[in-house]
């Protein structure tokens, strides 16, 4: 049986649109400010993109043997899913960052079900938006063992970087 073809980023640019912080000289992005190289349909300097974070970042949707369905491509589901950013008690957790103010309920429901099936905790990160503008404040959504949810809430209250 022929292995599936690797998934391509394009036309998705969610990781470059400011939902994930990028802070290298060649490419900067933060909430409300996409990377200067990000255009509809991709990066305008893709061949020269920096190794970190651009070449080394692979969202879970693009990962080898990804269990995420096609509709969970970040620009479609409005969340960037990562499997390699957080470990809790030696177990990899699922991290989902909203590509917008909130992770849509359909996406969140699918991720919660997947977290339960794989026995992995889930941490979601969303953003506060007031009168159409992002405030810079975050909120978290957790799913999994009560100890995980409590620990993430405490770490969030202390201002720790969770992933």
| said: Return the pair list, or none, for Cβ contacts closer than 7 Å from residues in region 117-139 that are over 18 Å from residue 18 (Cα atoms) to residues that are in a helix (DSSP H, G or I), at least 6 apart or on different chains. | reply: 121/115; 121/148; 122/111; 122/112; 122/115; 123/152
| field | Verdict on residue 153 being modelled with pLDDT of 95 or more, assigned to a helix (DSSP H, G or I) and surrounded by 18 or more Cβ atoms within 10 Å (Cβ to Cβ) | value | no
| remark: Of (1) farther than 24 Å from residue 102 by Cα; (2) more than 16 Å from the chain's Cα centre (by Cα), residue 56 satisfies every one except (2)
| If you go through region 48-69 one residue at a time, how many are surrounded by fewer than 10 Cβ atoms within 10 Å (Cβ to Cβ) and within 18 Å of residue 111 (Cβ to Cβ)? | 1
| query | Residues of region 12-32 being in contact with a strand residue (DSSP E or B) (Cβ under 8 Å, 6 or more places away or on another chain), free of Cβ contacts under 8 Å to residues at least 40 places away in the same chain and surrounded by 18 or more Cβ atoms within 10 Å (Cβ to Cβ), which ones? | reply | 16, 18, 22, 29
| request: Inspect region 33-46 for any residue being outside the structural domain of residue 126 (by TED's automatic domain parsing), part of a helix (DSSP H, G or I) and surrounded by fewer than 16 Cβ atoms within 10 Å (Cβ to Cβ) and give the result as yes or no. | output: yes
| message | Any residue that is touching a helix residue (DSSP H, G or I) at 6+ places or on another chain (Cβ under 6 Å), assigned to a loop (DSSP other than H, G, I, E, B) and either in the same structural domain as residue 137 (by TED's automatic domain parsing) or over 19 Å from residue 123 (Cα atoms) (or both) - is there at least one of those in region 4-14? | response | yes
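The values are calculated or read from the model by the stated rules, or taken from the named source; none is laboratory data. No experiment lies behind these values; they were computed from the predicted model shown. Please note: Cβ atoms are built from the backbone with ideal geometry, for glycine as well, and neighbour counts cover all protein chains shown.
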